[in-house]
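Below: one structure, written as structure tokens.
The values are calculated or read from the model by the stated rules, or taken from the named source; none is laboratory data. This structure is a prediction, so every number in the text was calculated from the model and none was measured. Backbone-built Cβ (ideal geometry, glycine too); neighbour counts: all protein chains shown. Quick note on the areas: whole protein, heavy atoms, side chains included, nothing else; ligands and nucleic acids left out. Shrake-Rupley method; radii C 1.70, N 1.55, O 1.52, S 1.80 Å.
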Amino acid sequence: MENRKQNTKRPPKRYWVKKLHKYISVMFIAIVFVITIVNVIKKDSDMSERENRMLAKSPAISFDEITSGRFMENYETYKSDQFIARDFWIAFKTQLDSLCGKNYSNGVYKGKKGYLIEDAVKPDEENLKKNIDAINKLADNQTAKVYTMIVPNAVAVLSDLLPPFAPVRSQEQDLGNFRLSLSENVTDIDVTETLKNHKNEQLYYHTDHHWTSRGAYYSFLTAAEFLGIENNGMNYATYKVCSDFVGTMASTSGYTGKKDTIEVFIPTDSSVQYIVNYVEEQKKTASLYQSEKLESYDKYAFFFGGNSPIIRISTTASTGKNLLVLKDSYANCFLPFLIPYYDEIVVIDPRYYYDDIYSEITSQNITEILFLYNANTFLEDNSISGIFTQYE
């Protein structure tokens with residue numbers, strides 16, 4: 001009888017704890033196995049719409065790549081970019097870090113007033129020197145006037161919104177060093193103080209690395225003085241085209257920030273008409289804006305539909321001036337302010353352009369050349385010098 005009672009006794013607590021640990025271990029192994037299998041069989045994605053960038057592809061295997069260590073470095077980047085449910089895991093990790101008091105994720109600071117602020121990059125010294133040499137050579141050998149306008153990012157202008165004691169690189173110093181390296185035949189347009197004087201207005205988006213049309217407007221007023229643009233006191237009407245813009249830094253970092261409004265500035269006293277020719281896309285339009293992009297994740301692509309290798313804008317301005325703009329996406333919301341003051345504006349993005357730049361300068365009778373970039377892109381760029389050296 002006593003033996004029967006002993007047999008019906010419930011197992012001790014440690015038995016259930018041990019069993020629970022076993023179940024958790026099995027589940028964990030099963031989840032890791034499933035994730036591994038899915039990552040192996042899933043098709044690679046070409047682009048991240050949320051981050052507005054191309055994703056890394058599987059690196060080629062070669063003896064040199066393996067022995068140099070580049071293969072493993074590129075492979076890690078590839079697996080990180082192509083990992084299943086990547087956006088979810090980034091957001092999950094960021095939330096855990098936030099609970100631990102961290103305010104920096106994937107190169108983005110969680111700043112004050114709902115701002116996500118991209119960190120300042122370290123210049124790529126080798127490519128930067130090549131780019132500066134190419135710009136200087138162009139200015140020294142062309143009759144067209146050459147201008148540079150490298151726009152500081154929010155990290156330099158809105159530094160008071162960064163987390164306390166954030167170890168940020170001085171972008172202003174990097175830009176200062178760049179300007180000291182320019183030829184005397186290059187006119188640099190520095191809009192840093194202009195932007196700082198208006199920093200209490202929304203000059204940058206809260207969750208995107210781009211500046212706003214308002215930031216571009218104030219910078220245009222400064223640039224106009226250098227470009228010899230007269231009657232630049234033109235009146236503008238502002239229109240809000242969307243109020244729910246969430247940009248790429250939210251996706252990159254996993255942080256949530258304040259949703260943004262996208263504005264456009266439309267001149268009220270200009271009768272200049274224009275045609276926009278997307279050369280490689282073989283598309284012409286009488287609008288600078290593509291409203292359908294407001295339905296996509298990358299709403300900033302509302303301006304010119306995003307980035308194209310080459311765009312030619314023909315106007316009825318009759319000023320005798322033709323402008324070539326070599327640029328990144330910061331220029332997209334700046335270009336509309338230039339329309340009334342040039343007969344032709346050729347817009348080239350060197351990251352996607354592979355044709356003869358000198359032929360373009362000659363055939364379009366270019367009188368002025370403007371390099372317009374945001375600082376982070378320019379300081380790391382590896383494409384500018386290439387379009388000027390490949391035909392020498």
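With respect to being closer than 18 Å to Asn332 by Cα and either touching a residue at least 12 places away in the same chain (Cβ under 8 Å) or touching a strand residue (DSSP E or B) at 6+ places or on another chain (Cβ under 8 Å) (or both), Ser308 fits the description.
Scanning the range 155-195 for residues that are modelled with pLDDT under 95 and surrounded by fewer than 13 Cβ atoms within 10 Å (Cβ to Cβ) returns Pro164, Phe165, Pro167. If you filter the range 202-227 down to residues that are in contact with a helix residue (DSSP H, G or I) (Cβ under 9 Å, 6 or more places away or on another chain) and open to solvent by 30 Å² or more (accessible area, probe 1.4 Å), you find that the one that is farthest from Phe371 (Cα to Cα) is Gln202.
For the range 249-261, the criterion of being over 19 Å from Asn374 (Cβ atoms), touching a His at 6+ places or on another chain (Cβ under 9 Å) and open to solvent by 20 Å² or more (accessible area, probe 1.4 Å) is satisfied by at least one residue.
Counting only strands (runs of 3 or more DSSP E) that sit completely within the range 186-296, those holding 1 or more residues that are touching a Phe, Trp or Tyr at 6+ places or on another chain (Cβ under 7 Å) and touching a residue at least 12 places away in the same chain (Cβ under 8 Å) correspond to 186-188, 236-245, 260-267. Phe388 meets each of the listed conditions (1) touching a helix residue (DSSP H, G or I) at 6+ places or on another chain (Cβ under 7 Å); (2) surrounded by fewer than 22 Cβ atoms within 10 Å (Cβ to Cβ); (3) in a loop (DSSP other than H, G, I, E, B) apart from (3). Is there a residue in the range 109-130 that is within 30 Å of Leu323 (Cα to Cα), touching a helix residue (DSSP H, G or I) at 6+ places or on another chain (Cβ under 7 Å) and among the aromatic types (Phe, Trp, Tyr)? No, the range 109-130 contains no residue that is within 30 Å of Leu323 (Cα to Cα), touching a helix residue (DSSP H, G or I) at 6+ places or on another chain (Cβ under 7 Å) and among the aromatic types (Phe, Trp, Tyr).
Of all residues in the range 342-361, those satisfying the criterion of being farther than 11 Å from Ile310 by Cβ and buried (at least 23 other Cβ atoms within 10 Å of the Cβ) are Tyr342, Ile345. All told, Ala139 falls short of being within 26 Å of Ser253 (Cα to Cα), among the small types (Gly, Ala, Ser), in contact (Cβ under 8 Å) with a residue 24 or more places away in the chain and in a helix (DSSP H, G or I). Would you be able to say whether some residue in the range 274-281 is at pLDDT 95 or above and within 28 Å of Val191 (Cα to Cα)? Taking every residue of the range 274-281 in turn, at least one turns out to be at pLDDT 95 or above and within 28 Å of Val191 (Cα to Cα).
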